[in-house]
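The values are calculated or read from the model by the stated rules, or taken from the named source; none is laboratory data. In this text the structure is predicted, and so the values were computed from the model without any measurement. A quick note on method: Cβ atoms are made from the backbone with ideal geometry, for glycine too, and the neighbour counts reach across all protein chains shown.
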Amino acid sequence: MSEIKIYMKLFGAFKKYGDEVDFTLPSGCTVLDVKNKLAETLEMDDAALITDSAIANDNEIISGDDVMFTEDSHLAILPPVCGG
């Protein structure tokens, strides 16, 4: 199976890890796979923040495990926002 490259922009609480990280995953990976690999890449012991965050591309929020990434993708992780 071929691999794809994920370029992940980091926002909010993730900025302490930098502006962007990239990693590879097998083609056909899901949103959950991307989140799990991001937690591993950032070496996060508690991945709850990643679980509660949204993944987006340039056009939309990507949700659901039925979405499969089959080519290199530029994504962003958007943490939940609190406040008023």
Of all residues making up region 24-65, the number that are hydroxyl-bearing (S, T, Y) and more than 17 Å from F14 (Cα to Cα): 4
Considering only residues of region 18-47 that are surrounded by 16 or more Cβ atoms within 10 Å (Cβ to Cβ) and over 20 Å from D65 (Cβ atoms), which is modelled with the lowest pLDDT? L42
Could you tell me how many of the residues in region 66-81 are farther than 13 Å from F14 by Cα, of a type in the set (A, V, I, L, M) and at pLDDT 95 or above? 1
Specify the residue that is surrounded by the most Cβ atoms within 10 Å (Cβ to Cβ); the eligible residues are those in region 54-75 that are among the aliphatic types (A, V, I, L, M) and not in a loop (DSSP other than H, G, I, E, B). I55
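Considering region 25-53 alone, what residues qualify as being in a strand (DSSP E or B) and either in contact with a Leu (Cβ under 6 Å, 6 or more places away or on another chain) or among the polar types (S, T, N, Q) (or both)?
Matches in region 25-53: T30 only.
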Does region 1-51 hold any residues that are of a type in the set (A, V, I, L, M, F, W, C), in contact with a strand residue (DSSP E or B) (Cβ under 8 Å, 6 or more places away or on another chain) and under 18 Å from V81 (Cα atoms), and which are they? L10, F11, F14, I50
